[in-house]
1. Please state the equivalent ellipsoid semi-axes for region 186-263: what are the square roots of 5 times the Cα gyration tensor eigenvalues, largest first, in whole Å?
2. Using per-residue counts of other Cβ atoms within 10 Å, averaged over each peptide, order 3-10, 20-27 from highest down.
3. Based on Cα coordinates alone, diagonalise the gyration tensor for the chain, multiply each eigenvalue by 5, take square roots, and list the semi-axes in whole Å, largest first.
4. Over region 202-267, what is the relative contact order in percent, taking alpha-carbon pairs closer than 8 angstrom and at least six residues apart?
5. Based on the mean of other Cβ atoms within 10 Å per residue, sort peptides 90-103, 52-65, 32-45, 203-216 so the most packed one is first.
6. Just the Kirkwood number for region 133-192, please: inverse of mean 1/r across all distinct Cα pairs, in Å, one decimal.
7. Please list, ordered by chain and number, the residues whose modelled amide H lies under 5 Å from the amide H of Leu30; skip anything fewer than 5 residues away on the same chain.
8. So what are the ³J(HN,Hα) numbers for region 231-241, from phi and the Karplus equation (6.51, -1.76, 1.60; θ = phi - 60°), rounded to whole Hz, Gly and Pro as x?
Amino acid sequence: MLLREVEYARPASVQEAVRLLMEHDGARALAGGQTLINVMKARAASPDVLVDLNDLEELKGIDLGTDGRVTIGAMATYSEIMVSAEARARPILGEVCAQIADVQVRNRGTIGGNVCSNDPTNHLPPLMVALEATMHILGQDGERAVPAEEFFLGVYMTAAGPGELLTKVTVPPGKSDGFASVAIGTDGTCIVSAAASVNRTTRIALGCVDAVPVLLQPDSAEEDEVRQAVRGAGLDPPSDVHASADYRRHLAEVLALRAVAQARGRR
Ligand SMILES: Cc1cc2nc3c(=O)[nH]c(=O)nc-3n(C[C@H](O)[C@H](O)[C@H](O)COP(=O)(O)OP(=O)(O)OC[C@H]3O[C@@H](n4cnc5c(N)ncnc54)[C@H](O)[C@@H]3O)c2cc1C
């Protein structure tokens, strides 16, 4: 389907991008376009102005700090994260990006677009929560840092509000991480996903069982503790054509155990 008529701006600085987003009520940031253009074609969203972020060097690049922290620009693509030596300091980042869709989507799709769309079936929201990532948001009043577990507010809703930009994501050091999912076919979107970090503490984030990732913090990574944490979470996942709520609950437990086992295997 053809797009409805829409204004297009290609700012040269993040300040100009924020100004454009502030000035126009119906403005939306355009990153890789892998979600936004599709929902525009389906008429599920009709922004008046697209503010294209693709010229903004400040939003690109991946750095590794001396403290082991990985900083990923919002416009870093999945393919860039997969091959980045700096991102390899936290290997799960590239491994999960390699599981997203196909090579075309990975070449265009960005970490910023993935988390800002907060589609509950996306791979990166639960991963960011499990890894204790921090999201950096720029708005009219300057930049603020938001922990990933407070960033995701609802389906397609995040702490990056209208007139604001996610500029970068920072991920603390750690190696003992895991990710497990059951997807719709090869390279498909997730039916249920689980990300685990067994580093300083045990953190498990479940995807596709609620509007936002569900964070579990069992006392240990022992199998019984993980099982009890999932069972005690009171999950009330959706039922749809791909899976019943009961099946999603079952998968949540199985995948949490798999993700934790993978993480523990890397200690
Ligand atoms: C065929 C297909 C299969 C897919 N399968 C998967 C999958 O298995 N797993 C998965 O995780 N994803 C999947 N996706 C989605 C894909 O990962 C998208 O790339 C991603 O959801 C959005 O990233 P984007 O860079 O394309 O963002 P865009 O589509 O450009 O933007 C998405 C939203 O985020 C906002 N936004 C973007 N960047 C910023 C920013 N810096 N600050 C504030 N707001 C911003 C935009 O305004 C828009 O509302 C699939 C997509 C397709 C087309």
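Coordinate-derived values only; no laboratory data. Note that the structure is a prediction, hence the values are computed from the model and not measured. As a convention, Cβ positions derive from the backbone with ideal geometry for all residues, glycine included, and neighbour counts pool all protein chains shown.
1. Values: eigenvalues 88, 35, 21 Å².
One finds semi-axes of 21, 13, 10 Å for region 186-263.
2. Numbers: 3-10: 12.1, 20-27: 16.2.
Ranked by mean Cβ neighbours within 10 Å, highest first: 20-27, 3-10.
3. Equivalent-ellipsoid dimensions as semi-axes: 31, 21, 16 Å.
4. Details: 66 pairs, mean separation 20.1, N = 66.
With pairs under 8 Å counted, the relative contact order is 30 percent.
5. Details: 90-103: 18.6, 52-65: 17.1, 32-45: 15.5, 203-216: 24.4.
Output ranking for 90-103, 52-65, 32-45, 203-216: 203-216, 90-103, 52-65, 32-45.
6. On the way: mean 1/r = 0.0725 Å⁻¹.
The Cα-based Kirkwood calculation yields 13.8 Å.
7. Long-range HN contacts for Leu30: Val51, Asp52, Leu53.
8. 5, x, 7, x, 5, 10, x, x, 9, 8, 5
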